[in-house]
Amino acid sequence: MDLFKKMAEAVIEGDEERTVSLAKEALSKGVNPTEAIEKGFAEGMKEIGRLFETLEIYLPQVIVSADAMTAGVEVFRQYLLGQEGELPKTTVLLGTIEGDVHDIGKNIVKIMLESNGFKVYDLGRDVPVFNFIEKVKELSPDIVGVSALMTTTMVYMPKLIEALKEEGLRGKVKVMVGGAPVLPKWAKEIGADGYGESAMEAVRVAKSLVGLQGEGKGD
Amino acid sequence: MRDQGKFFNFLEVIKRTESGERIKETDYDKELGKKTLALTKQYEIRYDPNLLIPTNDGMVDRIFQAAVDLFLDLGVYCTDTQRVIRFTQEELQWALENVPQEVQYGREKETVSVYPRKVEDRRDPACFFSAVGTPVTEEMFLSVAQSYAQEPLADTFSGPLIISYKGMPVTSGSPIEVEAAIWNTQMLREAAKQAGRPHIGIHNFQSTGEKTDATIASAQEKFGAFPGDGLLVAAIAEMKVDFERLKKVAFLRQSPYVLGALYGPLMGGYAGGPEGTAIALVAHHFLGLLVFSAERHNSFPIHIHHVCNTSRDMLWLISVVGQALARNSHLIFASNAFMASGPCTDMVIDELCAQSIASTVSGWHLNPAAVAKNRHPMRCSGMEPRIHAEVGHQVAKVGLTRKEANRIVLRLVEGYEKRIPEAPIGKMFDECYQLDKIRPTDEYESLLAMKKKEWKSLGFEVI
């Protein structure tokens, strides 16, 4: 069987031992790590995402597959560190906004973004606007992703966008918003660059915002 | 007034938030998924998409036992201390044996007593009419709230919420949240008065203020919150609490207000599919009883993608959880109806009917209704809970069996399930109600009348 296909299957099965051994096999055969991840592991995770969208599988299986992929990717990362190289990464700063402790949606988005090659810095939940700002300054992410589950917390989203403007950072970072009370129209009104109705859509929008393949409701 | 001797020692709960095993939250989440999957297999629990209201008593009893195992084994996670609060089998058993078997809401002629229900119970379900915190404008809040309070079948009511107050956004943790919270309670009592029911119980007198300080600030008689009203404290799904919730409990235990617990596990989320989420939802009731000292319980399990509980899998889940609790405990628990579609649509009427039948026949009280996936501003009205409650009363009155309920619910679901992903959001309150009379429009009334005729042809007649 084709190596990339085996890698995808190992991710779908959530077989961490196998993703590690297949990553080592790819390296021993001189396969380019980026190509192996994209055509192997990521393809498996794409299928997992599809199965989750149609609820043929549930979140626990998604987590197991994501863990298996992470373990395999780590083999490539360690190899590249030894070669003083690095996997190309688009970075996303992710967090649930101030006052809000409901973060399951954000956690699923994180899994899906990581599985699609993004480097995610997860600030957790109940994250004050100024913590986002400090981290944007420190990490220079490509995208800031913010979630909210309540109407009293989603109002911090425009405050975050305003704060980014005040700090002269708005032009340097794309802003994505999401969460149950956040509607696409409102996302546009507050000046967000993108909105994701679901985790998989968030990935498509994120890709489109940074010029990778994918499309969605990014403006 | 609550009898503190019937609840687990709350100070001991607080101690355990500081002394329990410390584990990473992500590991706790993974453990939940593993355990529910293992318990689903061990107890042979199977979702059948063609049997939404099962009559298999053995299976629902096994779901209850699986929930006991899950609760004792997994414990409850406190996110502030990253520790697990665990209980012994004896402590859970003691709490279940001492469950308060009556809760009273309202005052004077509006006093209602709520008791535990049983499967296929011929007694009416209590109907807690609620706008479930749908965002509305400040100007429309009173009219919307009145549309709920005035409904004859409303045993209690609660309101929508406002997202701006006097032109300022209501922001969590800010002073405006406290101002808006006080206004919220005042307006709910005013709505009760305008509905001609000044003493009706408000089962959750605070929707706008989420933080504990805002909630407590609004809890005064001079603002309209009286003994016989109540508040709901929500667990953070799944099986988690934090100090913000526990502070509300600390206050409510010493207050004259009815303490209700609220649970909203996501089907498809950390607990897995319908079977695992059913186990987890039953276990949430143990959380409410032991950690929150809750006198009554309210559940809104929802589909992780469709944000409703009217799909096949959700109706099965609601039915088996209700039956498991009704057959194995004396808890007082209500089903919070979450509709995919919005007001004044034929779909919402069928969804309400299916959800109410599944809930009522399975032992739940009713807490209708969130509509339009509970996210579209101004899309809610007193008409949706009226429909839900009328159906529930009829189910009890005619003594609908689970078998017959299953037949009707299946027919209803077949009619709307394909539209769930892109469900119509329906009309806004001022489009489906006559504002001068606070009455549904003729269009909405006609739509309901037409649906009732259709239901009659299914062999289910709601007068």
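Structure summary
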quantity	calculated
Residue within the stretch B:370-385 that is open to solvent by 10 Å² or more (accessible area, probe 1.4 Å), closer than 15 Å to B:I302 by Cα and touching a Ser or Thr at 6+ places or on another chain (Cβ under 8 Å) present	yes
Subset tally (residues that are within 30 Å of B:A149 (Cα to Cα), within 20 Å of the chain's Cα centre (by Cα), touching a residue at least 60 places away in the same chain (Cβ under 8 Å) and not in a loop (DSSP other than H, G, I, E, B)) for the stretch B:66-118	5
Where A:K46 falls short, out of the listed (1) at pLDDT below 95; (2) over 30 Å from B:P421 (Cα atoms); (3) out of contact with any Leu (no Cβ under 7 Å at 6 or more places or on another chain); (4) open to solvent by 70 Å² or more (accessible area, probe 1.4 Å)	(2)
Selection count where residues are in contact with a Pro (Cβ under 8 Å, 6 or more places away or on another chain) and surrounded by fewer than 18 Cβ atoms within 10 Å (Cβ to Cβ), scope the stretch B:222-255	1
Close pairs from the stretch A:53-71: first farther than 12 Å from B:K34 by Cβ and of a type in the set (G, A, S), partner assigned to a loop (DSSP other than H, G, I, E, B) and open to solvent by 50 Å² or more (accessible area, probe 1.4 Å), Cβ under 7 Å, at least 6 apart	A:A68/A:D15
Residue, farthest from the other protein chains (Cβ to nearest Cβ), within the stretch B:146-166, restricted to residues that are open to solvent by 10 Å² or more (accessible area, probe 1.4 Å) and more than 22 Å from B:H376 (Cβ to Cβ)	B:P152
Cβ pairs under 6 Å, 6+ apart, first in the stretch B:158-182 and in contact (Cβ under 8 Å) with a residue 40 or more places away in the chain, second open to solvent by 30 Å² or more (accessible area, probe 1.4 Å)	B:I162/B:E138; B:I182/B:F223
Pairs with Cβ under 7 Å, 6+ apart, first in the stretch A:1-15 and in contact (Cβ under 8 Å) with a residue 60 or more places away in the chain, second open to solvent by 20 Å² or more (accessible area, probe 1.4 Å) and in a helix (DSSP H, G or I)	A:A10/A:R18
Residues (aliphatic (A, V, I, L, M), more than 10 Å from chain B (Cβ to nearest Cβ) and more than 17 Å from A:F118 (Cβ to Cβ)) located in the stretch A:43-63	A:L51
Test: residue in the stretch B:344-357 that is among the hydroxyl-bearing types (S, T, Y), more than 14 Å from chain A (Cβ to nearest Cβ), closer than 26 Å to A:G179 by Cβ and open to solvent by 10 Å² or more (accessible area, probe 1.4 Å)	yes
Some residue of the stretch B:366-385 being basic (K, R), within 14 Å of chain A (Cβ to nearest Cβ), in contact with a Phe, Trp or Tyr (Cβ under 8 Å, 6 or more places away or on another chain) and assigned to a loop (DSSP other than H, G, I, E, B)	yes
Residue that is touching a residue at least 24 places away in the same chain (Cβ under 8 Å) and farther than 18 Å from B:N309 by Cα, where the choices are B:G392, B:G399, B:G363, B:G415	B:G399
Qualifying residue in the stretch B:188-203 (condition: within 13 Å of chain A (Cβ to nearest Cβ) and buried (at least 22 other Cβ atoms within 10 Å of the Cβ))	no
From B:K403, B:K437, residue being out of contact with any helix residue (DSSP H, G or I) (no Cβ under 7 Å at 6 or more places or on another chain) and closer than 20 Å to B:I357 by Cα	B:K403
Of all residues making up the stretch A:99-120, the number that are farther than 21 Å from A:T153 by Cβ and either within 13 Å of another protein chain (Cβ to nearest Cβ) or part of a helix (DSSP H, G or I) (or both)	5
Residues (open to solvent by 40 Å² or more (accessible area, probe 1.4 Å), away from chain A (no Cβ under 14 Å) and either in contact with a Pro (Cβ under 9 Å, 6 or more places away or on another chain) or in a strand (DSSP E or B) (or both)) located in the stretch B:1-54	B:M1, B:D3, B:K6, B:E21, B:R22, B:D48
Hey, A:T96 on the phi < 0 side of the Ramachandran plot, open to solvent by less than 10 Å² (accessible area, probe 1.4 Å), at the interface with chain B (Cβ under 9 Å from one of its Cβ atoms) and not hydrophobic (A, V, I, L, M, F, W, C) or not	no
Among the residues listed as A:M157, A:M112, A:M150, the single one being aliphatic (A, V, I, L, M) and either within 30 Å of A:A26 (Cβ to Cβ) or surrounded by fewer than 19 Cβ atoms within 10 Å (Cβ to Cβ) (or both)	A:M112
All positions within the stretch B:313-325 that are touching a strand residue (DSSP E or B) at 6+ places or on another chain (Cβ under 8 Å) and either part of a strand (DSSP E or B) or more than 14 Å from chain A (Cβ to nearest Cβ) (or both)	B:I318, B:V321, B:G322, B:L325
Residue match in the stretch A:73-93 (condition: open to solvent by less than 10 Å² (accessible area, probe 1.4 Å), under 13 Å from the mean Cα position of the chain (by Cα), closer than 29 Å to A:T153 by Cα and of a type in the set (A, V, I, L, M))	yes
Condition check for B:R83: closer than 30 Å to B:T156 by Cα and open to solvent by 30 Å² or more (accessible area, probe 1.4 Å)	no
Selection status of A:V173, at pLDDT 95 or above, surrounded by fewer than 24 Cβ atoms within 10 Å (Cβ to Cβ) and within 12 Å of chain B (Cβ to nearest Cβ)	no
Residue match in the stretch A:32-42 (condition: away from chain B (no Cβ under 14 Å), of a type in the set (S, T, Y) and closer than 20 Å to A:R204 by Cα)	yes
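Residue-wise test of (1) modelled with pLDDT of 95 or more; (2) in contact with a Gly (Cβ under 6 Å, 6 or more places away or on another chain).
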position	(1), (2)
B:W94	yes, no
B:P100	no, no
B:E108	yes, no
B:T111	yes, no
B:K118	yes, yes
B:V136	yes, no
B:Q146	yes, no
B:A149	yes, no
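The values are calculated or read from the model by the stated rules, or taken from the named source; none is laboratory data. Keep in mind the model is a prediction, meaning the values are calculated, not measured. No Cβ is skipped: glycine too gets one built from the backbone with ideal geometry, and neighbour counts run over all protein chains shown. For accessibility, only protein heavy atoms count, side chains too; no ligands or nucleic acids. Shrake-Rupley method; radii C 1.70, N 1.55, O 1.52, S 1.80 Å.
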